[in-house]
Structure formats: C-alpha cells, structure tokens
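Notes follow the structure.
The values are calculated or read from the model by the stated rules, or taken from the named source; none is laboratory data. Only a predicted model underlies this, so the values are computations on that prediction, with no experimental measurement involved. We place every Cβ from the backbone using ideal geometry, glycine too, and count neighbours over all the protein chains shown. With ligands, DNA and RNA removed, areas are computed over all heavy atoms of the protein, side chains included. Shrake-Rupley method; radii C 1.70, N 1.55, O 1.52, S 1.80 Å.
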Amino acid sequence: MPKGANHLPVYPIPARDRDLTLDQYFEKVVREGYERRRETMWEPMRARGDLRHTFSDYQERISSEIAMIRRMGFPSYFLIVWDFIRYAREHQIPVGPGRGSAAGSLVAYCTNHGH
C-alpha cells in the first residue's frame, strides 16, 4: 500500500443529500447533532447556570474541529463510525464510551460517538 494515501472507504451520501459533497454532508450531520445537543443538553444547563462555556465558544470549537477533520481527510471515517453507532442504538445494541483521540472531541459528542 502506498504511504500517505488515504485507504478509508468513502461514506455513501444518502439520496436525499446527493447535492452535497462529502465534506458538506459531514458538516450537516455534525451541525444537526450540535443543535440537538444545544436544545436537549446545553439549553437546560444554561438556564440553571451550569453551562461552562458560551454557545459562541462551542460554535467556534465545532468549526475548528470540522476544519481539522477535513484537513486530515477523515470525514468519511467519522460518518462511518456515526452510522455504526446510530444503527447500534436504533437496535438496542450497547455502545461503549469510545476510545482514541477523537473520543473527546465536540464533533464526536455532537454525533453521539459513545455518549
């Protein structure tokens, strides 16, 4: 295998989103997950005064992580993992807390990787 080449499979974009590139679809999935987390988790925490950062801080971090994942060529990887986890949860298959450097990312949190 040639060094430096990305050998990951390419995530198939669903028909309803075929007008999007892989990077755009990845960002759509992440930002939709961000909005779900904001509404269900962070808004109640903010209302109680328990939110550690501002929504602006979270938006900046998510944009930074998305950009880094794109630069590294890993949107397909994140989408594949997201799809596996989504399937497992929909079929009541236990999912662990996640491992590796991406497990602590806001992108992983927003796409329910192990949370």
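Here is how the numbers come out for the structure above:
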item	result
Whole-Hz ³J(HN,Hα) from phi, Karplus 6.51 cos²θ - 1.76 cosθ + 1.60, for the stretch 50-57, glycine and proline x	9, 6, 6, 10, 7, 4, 4, 4
Accessible surface of I80 - all protein chains present, 1.4 Å probe, nearest 10 Å²	40 Å²
Among V81, V30, V95: highest mean-square fluctuation, GNM of the chain, C-alpha pairs under 10 Å	V95
For the stretch 1-101: accessible area per residue (Å², 1.4 Å)	72 Å²
Simple label model, 7 Å out from Cα along Cβ direction - D57 to L22, nm	3.4 nm
Volume per residue of the C-alpha convex hull in the chain, rounded to whole Å³	138 Å³
Carbon + sulfur, % of accessible area of the chain - ligands and nucleic acids excluded, 1.4 Å	56 percent
Crossing angle, helix 22-37 versus the chain [Cα axis fit, 0-90 degrees, rounded to tens]	20 degrees
Listed residues R89, R46, R31 arranged by accessible area, highest first, probe 1.4 Å	R46, R89, R31
